[in-house]
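*Asks:* Handing you this structure, nothing more for now.
The values are calculated or read from the model by the stated rules, or taken from the named source; none is laboratory data. These figures come from a predicted structure and were not determined experimentally. Glycine also receives a Cβ, built like all others from the backbone with ideal geometry; neighbour counts cover every protein chain displayed.
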Amino acid sequence: MSWFKRDKPADEKLPKVEDKDRRVRTEGLWQKCEGCRQITWKKDLEANWNVCPKCGRHSQIDALMRLRLLLDNGDYTEFDSELRSSDPLGFVDKKAYKDKLKEAERSTKLPEAVVCVSGNLDGRPVQVCSMEPRFIGGSMASVVGEKIARSIERAIEHNTPLIIVSASGGARMQEGAVSLMQMAKISAALMRLDESRLPYISILTDPTTGGVTASFAMLGDLNIAEPGALIGFAGPRVIEQTIRQKLPEGFQRSEFLLTHGMLDAVVPRPEMKQYISRALKFFVA
């Protein structure tokens, strides 16, 4: 058995591999669905616009992915990207508002909670405002209101339809009444759009709540929601505590609102562009 015990020559020994190098790196390659709890290859999920191929649950997507979904070849021209929120109240809670703004801009690589662009949808010129839920919860601040109002004015100037994709927790409390004023500002601009006989399509995604729901999100000529989206003014827990009653199952979800006449349609994300294109053919000759 001497051959079994004999050491190999030094030049034949294999290099030692650390345990950490032996592990297969799979972190970030898979994602568990919060609906069916099934694990899906992340690239397959992204190819399906973050809609679970097993149960159809719609996960959030960012503002830029939304633009790639809706606009031809993902091409667009962005406007007002130089606008930044100020701090009119000098607001401080656990962290200064100015610091929160810097942190949100750094993490999202966006200047504010909405991206406003012009582009083509199935060859038709449109103005699109896409809200970013990762930027302080997609909250509506003074700059968000200004950018959306300017998009409405561009739609009137260039005689093009307007599409707003809402994904927001509502008005941004750090700006107080300045934020709430944007509700009236955008609603007044939408009235001018209506007087110009130009269509406005509102897309409501998860979540669309607070002052955004109470203003422009529900003022579309066509109000469309994604499946399972939370849509409402106050949250369900607040309502239950106020009225001291248990709410119906599915309350404030898009399917519930459609059944009760608050929405015109619930459309799966992969079908959204085709649905809007077909709708615009009815609105625009």
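*Asks:* Among the listed residues A155, A189, A184, which satisfies the condition of being among the hydrophobic types (A, V, I, L, M, F, W, C), surrounded by fewer than 17 Cβ atoms within 10 Å (Cβ to Cβ) and farther than 17 Å from A113 by Cα?
*Replies:* A184
*Asks:* A follow-up question, please. Taking region 64-87 on its own, how many of its residues are closer than 27 Å to K100 by Cα and either of a type in the set (S, T, Y) or not assigned by TED's automatic domain parsing to the domain that holds I276 (or both)?
*Replies:* So the answer is 3.
*Asks:* All but one of (1) over 26 Å from E195 (Cβ atoms); (2) of a type in the set (A, V, I, L, M, F, W, C); (3) buried (at least 18 other Cβ atoms within 10 Å of the Cβ) hold for V92; which doesn't?
*Replies:* All conditions pass for V92, except number (3).
*Asks:* Moving on to the next point. Please list, ordered by residue number, the helices (runs of 4 or more DSSP H) wholly in region 229-285 having 3 or more residues that are within 21 Å of the chain's Cα centre (by Cα).
*Replies:* Counting at least 3 such residues, we get 254-259, 272-283.
*Asks:* Against the conditions (1) modelled with pLDDT of 95 or more; (2) of a type in the set (A, V, I, L, M); (3) more than 27 Å from V266 (Cα to Cα), where does I163 fall short? Just the number, please.
*Replies:* (3)
*Asks:* Hey, Q60 hits all of (1) at pLDDT 95 or above; (2) in contact with a Pro (Cβ under 6 Å, 6 or more places away or on another chain) but one; which does it fall short on?
*Replies:* Going through the list (1) at pLDDT 95 or above; (2) in contact with a Pro (Cβ under 6 Å, 6 or more places away or on another chain), Q60 breaks only (1).
Table: residues versus (1) more than 23 Å from V165 (Cβ to Cβ); (2) loosely packed, with under 15 Cβ neighbours inside 10 Å; (3) of a type in the set (S, T, N, Q); (4) not assigned by TED's automatic domain parsing to the domain that holds G138.
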position	(1), (2), (3), (4)
V212	no, no, no, no
M218	no, no, no, no
N223	no, no, yes, no
E226	no, no, no, no
A229	no, no, no, no
E240	yes, yes, no, no
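*Asks:* Would you say L198 is under 27 Å from G74 (Cβ atoms) and of a type outside the set (G, A, S)?
*Replies:* The answer is yes for L198.
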